[in-house]
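One structure is given here, and the rest of the page talks about it.
The values are calculated or read from the model by the stated rules, or taken from the named source; none is laboratory data. Quick caveat, the model's predicted, so the values are computed rather than measured. Cβ coordinates were reconstructed from backbone atoms using ideal geometry, including for glycine residues, and neighbour counts include every protein chain displayed.
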């Protein structure tokens, strides 16, 4: 404080001021504690969610994603802006605390920040306050002038959020100015009295303000100083208590959100934590129907969302004009929580969520591709929530007619097409497989080391059967002792589970688990990333599973596979990362390594590749669902490949193949663009023993006797 | 309102490959999977929705065998209050009139305001609804695609040419045959069925329902199935047997040759 006036009046003012400041402190803190306690009401009533394990892993995530702001630079400009603001806030925390205490106890110094270290800290925070202030100005200009499209609020979701955002930016800017003016007027006062004063950092905001106010009369400085203090204190507590009413609540909650974030990828939460599968029949209601069916962590996610719009910006459903935006899944739930668990008044939570804040189509529109979760700086979870909402809808019988038939067929026939079980292995009867020897069906009479888990679409869809045959030929080529389950293999149930039909999924899983165990295999290979993810994450007690791209990459590296050069050198290939191979299982490099091992193959990357890959439209039951959309995701994806300069899209998933081949036709790009599965491409370029290189390309040539592998 | 829905279990046409058996008198039934006759499912859903609006009970009945309990269980899981299986060896070989006679006897034992059937069974001939109404001397409306409940009567509509609707007023009690598309039937999965696993489904025999045994069974049947056959390949029909791509190319050629493509 300026504190150099010695008149009794000033002393009296000081005492009154101290009382006023103390009152504001107590009132501000009390309000904040009360509001936060009210915000915790739904979390206390929520479903359980065990997130207290693995403290070291969780601390690691806090260091990486909270302190390290790991995801932020994915959006370069906004990301750096946020990192600067975040760093500023962290640095300023001790200073703000000191300033607050100084109002009551003038001589307070933060432990560890006296003397030289205190001086250095002051210099650093002078700059920090300046940078935060400038960031606020830049952020406000962005919001008001440049208006990045991802902040826009479509009319159906209510009015825009810009006013609130700018208001909050203004408050923080005011806080920085007040803090700086307080320091500046203090330093100016000391200087005028010839007393030792804090040297302010050159060109910082406090320094500038000291230059401006330096020659003002003492009385003015005194008023400025007290006013700055008061403005700082009021703004500080106003912000503190206002934040839990909007997006800035993440300042308080993000640390917890990230500490308690989901540690595993590709998995789904169980129907109810702590209830084993065999006791699920006793659970009265499945999934999320009303707000308190969410887990406390999922509610915390709603509070933590900063409304940055990155999820929606990356969501393929949103891009295709489906009625889904992950951002508003969260914002609507948060607003519901604020409205139904008010700070003043009684909680009212009886409403069903579907039909009030969420629509059926919104919840069915999600392909569970995971782009939103990959992007979220705060690690907000979406897939588990979507699946939980679907579980609730399934439990209420609220399922689109288009999905009821395939679900019923999965129940009675074990595949969504209603095809006969005995025809599941028909694809191996093809003449294309004669050269490589018959594919064994592991029916008790035959055994093998490796199971090729084919899954429904590759078994029954005549286009995708080609992927099955290529996979079989590759496995034969590398000398794998493998077989298939044939009629005993039911659908992996990957999408059944992600569409919320847990009971049916468990039946399929248990059936397949028994069949796999009975076959006596040591390991499993599949060419279907959805089956891969199911076997890897949803099944228990089955042998280790690999995707075929991993097998091929390993064999290439070991020198067991040799490729002939690409036939058409004009082709430019782009690899499309299937969601359940890439994002959910982090297999990005194996397929690319395989492609790059083919001599003469020209490969380009699409703008959206690897962990930012753009879903082709979804697999499994999503093929039956009739979404409301402006255009197909696949069409958008095919255009991205064309933009990258590719004319062949390579993928490694039968569902991607369906969607991309359809999209090529819908986009009118037949002849200009084609799609091929990694296994098909590898199969075409395998150099087989006893073959003349040039002869052994092209699938049809394989059928000639020269190419017996 | 007390509502009775007459339902039937049929081979699911979307999940079977229907073939004629060696004797040529029936379809091959060894590996069939069955489900609720689809129009009957819509009838049950409509009954449940009417009950939920105006109160009352929904009973689902089927004439068949032990295996048919499967669909009754599913309808209980959908929300029906009661399910009854009418099963007796003497019913074997009944024609549509015989089944209608069994159902009529069952209806007379209860007090139903409204009786719904599906518009037809997927392997049936759309006979039972009309015959049941006639045997009971109830008014009958077929192909119903909307129902509005009024005091002691219903306003029902059916679709006529070019998507137009015809509205009829019908006195209760009555029999309606329900068209698919009248509603969106709710989904029932394995979980729903398991939850009603312990509900009893009474089985009634011919004497329980008091049907005249001379009116049912093969002997009473006045319409008899005599043959099943696959139509002979006639002139002008062409079946393509090559690969998908080749077939598609040939179809294009044929259509173009006939002037279908301009």
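Odds and ends about this structure:
- Only listed residue being closer than 21 Å to residue A:118 by Cβ and part of a helix (DSSP H, G or I), chosen from A:173, A:197, A:165, A:188: A:188
- Residue identified as closer than 26 Å to residue A:577 by Cα, modelled with pLDDT of 95 or more, in contact with a helix residue (DSSP H, G or I) (Cβ under 7 Å, 6 or more places away or on another chain) and not assigned by TED's automatic domain parsing to the domain that holds residue A:615 among A:507, A:534: A:534
- Considering the range B:1-77, the qualifying strands (runs of 3 or more DSSP E), each wholly inside and each with 3 or more residues that are more than 14 Å from every other protein chain (Cβ to nearest Cβ) and either within 17 Å of residue B:202 (Cα to Cα) or modelled with pLDDT of 95 or more (or both), run over B:2-6, B:57-63.
- Scanning the range A:280-296 for residues that are surrounded by fewer than 23 Cβ atoms within 10 Å (Cβ to Cβ) and not in a loop (DSSP other than H, G, I, E, B) gives A:280, A:281, A:282, A:290, A:292, A:293, A:296.
- Total residues in the range B:78-95 satisfying the condition of being in a loop (DSSP other than H, G, I, E, B) and farther than 19 Å from residue A:397 by Cα: the figure is 6.
- Of all residues assigned to the range A:428-438, none qualifies as being modelled with pLDDT of 95 or more and more than 12 Å from chain B (Cβ to nearest Cβ).
- Here residue B:143 passes the criteria (1) outside any loop (DSSP other than H, G, I, E, B); (2) within 14 Å of chain A (Cβ to nearest Cβ) except the one numbered (2).
- Matching option when the condition is in a helix (DSSP H, G or I) and closer than 29 Å to residue A:247 by Cβ, among A:181, A:208: A:181
- A count restricted to the range A:262-279 and to residues that are in a loop (DSSP other than H, G, I, E, B) and either more than 23 Å from residue A:583 (Cβ to Cβ) or within 12 Å of another protein chain (Cβ to nearest Cβ) (or both) stands at 6.
- The one condition in (1) in contact with a helix residue (DSSP H, G or I) (Cβ under 7 Å, 6 or more places away or on another chain); (2) more than 14 Å from every other protein chain (Cβ to nearest Cβ) that residue B:123 fails to fulfil: (1)
- Residues located in the range A:391-418, provided they are at the interface with chain B (Cβ under 8 Å from one of its Cβ atoms), touching a residue at least 24 places away in the same chain (Cβ under 8 Å) and under 19 Å from residue B:10 (Cα atoms): A:405, A:407, A:411
- Test: residue in the range B:53-67 that is touching a residue at least 40 places away in the same chain (Cβ under 8 Å), farther than 29 Å from residue B:151 by Cβ and in contact with a helix residue (DSSP H, G or I) (Cβ under 6 Å, 6 or more places away or on another chain): yes
- Flag for residue A:191 being surrounded by 14 or more Cβ atoms within 10 Å (Cβ to Cβ) and at pLDDT 90 or above: no
- Scope the range B:11-49; condition within 22 Å of residue B:230 (Cβ to Cβ), crowded, with 21+ Cβ neighbours inside 10 Å and either in contact (Cβ under 8 Å) with a residue 60 or more places away in the chain or under 16 Å from the mean Cα position of the chain (by Cα) (or both); matching residues: B:12
- Checked against the criterion of being over 22 Å from the mean Cα position of the chain (by Cα), more than 14 Å from chain A (Cβ to nearest Cβ) and modelled with pLDDT of 95 or more, the candidates B:161, B:166, B:171 yield just one match: B:171.
- Test for residue A:200: is it in the same structural domain as residue A:106 (by TED's automatic domain parsing), modelled with pLDDT of 90 or more and under 24 Å from residue A:133 (Cα atoms): no
- Taken across the range A:364-386, residues that are within 14 Å of chain B (Cβ to nearest Cβ), touching a helix residue (DSSP H, G or I) at 6+ places or on another chain (Cβ under 7 Å) and surrounded by 22 or more Cβ atoms within 10 Å (Cβ to Cβ) do not occur at all.
- Identification of helices (runs of 4 or more DSSP H) wholly contained in the range A:52-156 with 2 or more residues that are closer than 24 Å to residue A:312 by Cβ yields A:76-102, A:115-141.
- Matching entry among A:181, A:144, A:168 (being in contact (Cβ under 8 Å) with a residue 12 or more places away in the chain, under 19 Å from residue A:251 (Cα atoms) and out of contact with any strand residue (DSSP E or B) (no Cβ under 8 Å at 6 or more places or on another chain)): A:168
- For the range A:528-551, a residue qualifies if it is farther than 16 Å from residue A:468 by Cα and touching a residue at least 60 places away in the same chain (Cβ under 8 Å), and the qualifying residues are A:533, A:535, A:536, A:537, A:538, A:543, A:545.
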